[in-house]
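Have a look at the structure below, then the notes.
The values are calculated or read from the model by the stated rules, or taken from the named source; none is laboratory data. Source: prediction; values computed, not measured. So basically every Cβ, Gly included, is an ideal-geometry build from the backbone, and we count neighbours across all protein chains shown.
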Ligand code: LLP
């Protein structure tokens with residue numbers, strides 16, 4: 001049976017008054033993340049996969065508090081870059097996990113820049129428990145050149161994919177993994193060269209939904225076959241078979257959450273008997289519904305066929321709608337508080353179709369088009385839901401726009417909110433820039 005927490009936390013379930021007050025305290029735009037919800041999501045998934053090793057895909061939200069909280073719960077940390085490995089090692093060391101499991105960090109190297117390999121191999125000297133997952137024979141050679149002969153996992157390309165958008169399907173994309181047909185030879189060769197071969201890995205894609213369960217099943221079955229073949233060839237050396245992440249979450253208000261028990265059962269069944277531990281590494285599942293983006297309305301105007309609502313967050317703050325046409329729920333907190341408190345300024349807001357857009361000079365900078373919402377007014381605070389995954393992580397400084405602040409909420413009391421990341425300033429935006437008058441900045 002699964003942990004008690006509800007399988008999905010809708011934007012409507014958040015406390016509007018509390019969220020609006022955060023903007024009063026920390027300004028707008030602002031990311032808010034509920035750490036207890038992150039833990040609940042972990043426990044629910046861990047309950048569905050009782051004998052799997054669970055890693056957290058750091059790329060979904062790399063905030064130190066998140067890494068520490070998940071590591072304390074029992075998660076390993078799967079990293080996509082040396083920068084993530086650096087954060088993961090720091091968080092794993094800071095977390096007070098006491099089950100003796102120690103630091104469990106994987107670096108999944110995709111076309112790894114030399115700088116990343118140098119850094120990670122260096123870190124491995126102090127952390128021999130690090131695992132490096134390679135997706136190309138070149139990467140094995142480059143590790144060997146650097147004297148690495150530690151734990152090695154091979155990412156394969158299974159030739160099957162799935163996901164919420166073409167741009168996040170990975171299982172058949174040329175850039176990811178060694179074609180699965182070549183995997184046994186590559187691993188046998190690596191073992192002969194002295195690497196400590198510990199695992200096989202693949203990732204089908206991101207945002208995999210219940211109706212893609214057949215693809216998941218076919219994919220896991222291939223991984224099971226591969227693991228058995230590798231164990232035959234390497235005399236049972238495999239420690240784990242990692243089937244990646246990708247667990248989808250509902251973004252639309254009427255979308256149902258994944259049936260985790262069905263996914264877990266399908267996974268076990270498709271994998272079959274393997275003398276190696278099952279590893280999964282979701283990112284989004286743990287953090288998506290634990291986070292919201294708060295943003296203030298600054299402009300309201302009647303456009304040709306819609307109410308055009310301007311807010312201070314944009315595609316630089318939350319890129320997903322612009323990049324994947326992703327749907328995110330939007331709630332007008334100020335309007336909801338008026339209703340809750342019978343505020344007389346609520347002279348009955350009508351629900352009207354509106355287009356909520358940011359301050360960036362691109363027509364793609366919209367969070368929704370013609371969506372029915374209570375008529376927005378200037379200074380209203382809107383909450384954009386499911387912003388905990390791939391939100392701040394993909395934020396950038398386009399249009400010389402400083403990135404927003406982030407707070408974490410950990411509990412109910414007044415002291416439960418903490419600034420986790422300050423808002424950037426204009427100076428942060430230009431800090432790395434040199435010019436003729438001041439050429440003092442060095443290039444690392
Ligand atoms: N493992 C590997 C090797 C991955 O490449 C990814 C995601 C994950 C695990 C975690 O996938 P998740 O459980 O979070 O779906 N920016 C996109 C998602 C890109 C995911 C890339 N890889 C989005 O906002 O939808």
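So that you can scan it fast, the table gives a plain yes or no per residue for (1) within 17 Å of residue 390 (Cβ to Cβ); (2) modelled with pLDDT of 95 or more:
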site	(1), (2)
23	no, yes
36	no, yes
70	yes, yes
74	no, no
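When the residues of segment 304-317 are filtered to those that are out of contact with any strand residue (DSSP E or B) (no Cβ under 7 Å at 6 or more places or on another chain) and farther than 24 Å from residue 30 by Cα, which remaining residue is modelled with the lowest pLDDT?
305
Residues of segment 63-75 being under 21 Å from residue 243 (Cα atoms) and surrounded by fewer than 21 Cβ atoms within 10 Å (Cβ to Cβ), which ones?
Matches in segment 63-75: 73, 74.
Take the residues in segment 122-134 that are more than 19 Å from residue 178 (Cβ to Cβ) and in contact with a helix residue (DSSP H, G or I) (Cβ under 7 Å, 6 or more places away or on another chain); name whichever of them is modelled with the lowest pLDDT.
127
Condition first: within 16 Å of residue 131 (Cβ to Cβ), part of a helix (DSSP H, G or I) and within 16 Å of the ligand (Cβ to nearest atom). Now tell me which residues in segment 77-95 satisfy that.
Correct list: 82, 84, 85, 88.
Which members of segment 196-217 meet the condition of being touching a helix residue (DSSP H, G or I) at 6+ places or on another chain (Cβ under 7 Å) and outside any helix (DSSP H, G or I)?
Listed by number, the residues that qualify are 197, 200, 202, 204, 205, 206, 207, 208.
In segment 166-186, which residue that is in contact (Cβ under 8 Å) with a residue 40 or more places away in the chain and within 14 Å of residue 222 (Cβ to Cβ) is farthest from the ligand (Cβ to nearest atom)?
This residue is 184.
When you scan segment 137-165, how many residues do you find that are crowded, with 19+ Cβ neighbours inside 10 Å, away from the ligand (no atom under 13 Å from the Cβ) and closer than 30 Å to residue 250 by Cα?
Qualifying residue count for the region: 1.
Which strands (runs of 3 or more DSSP E) does segment 218-307 wholly contain that include 3 or more residues that are crowded, with 24+ Cβ neighbours inside 10 Å and within 16 Å of the ligand (Cβ to nearest atom)?
Once the strands (runs of 3 or more DSSP E) in segment 218-307 are filtered for at least 3 residues that are crowded, with 24+ Cβ neighbours inside 10 Å and within 16 Å of the ligand (Cβ to nearest atom), what remains is 291-302.
Looking at (1) under 30 Å from residue 209 (Cβ atoms); (2) buried (at least 22 other Cβ atoms within 10 Å of the Cβ), can you tell me which one residue 168 breaks?
(2)
Tell me yes or no: at least one residue of segment 90-98 is in contact with a helix residue (DSSP H, G or I) (Cβ under 8 Å, 6 or more places away or on another chain), assigned by TED's automatic domain parsing to the domain that holds residue 204 and buried (at least 21 other Cβ atoms within 10 Å of the Cβ).
Scanning segment 90-98 turns up at least one residue that is in contact with a helix residue (DSSP H, G or I) (Cβ under 8 Å, 6 or more places away or on another chain), assigned by TED's automatic domain parsing to the domain that holds residue 204 and buried (at least 21 other Cβ atoms within 10 Å of the Cβ).
How about segment 201-214: which of its residues are under 17 Å from residue 172 (Cα atoms) and away from the ligand (no atom under 14 Å from the Cβ)?
Scanning segment 201-214 gives 213, 214.
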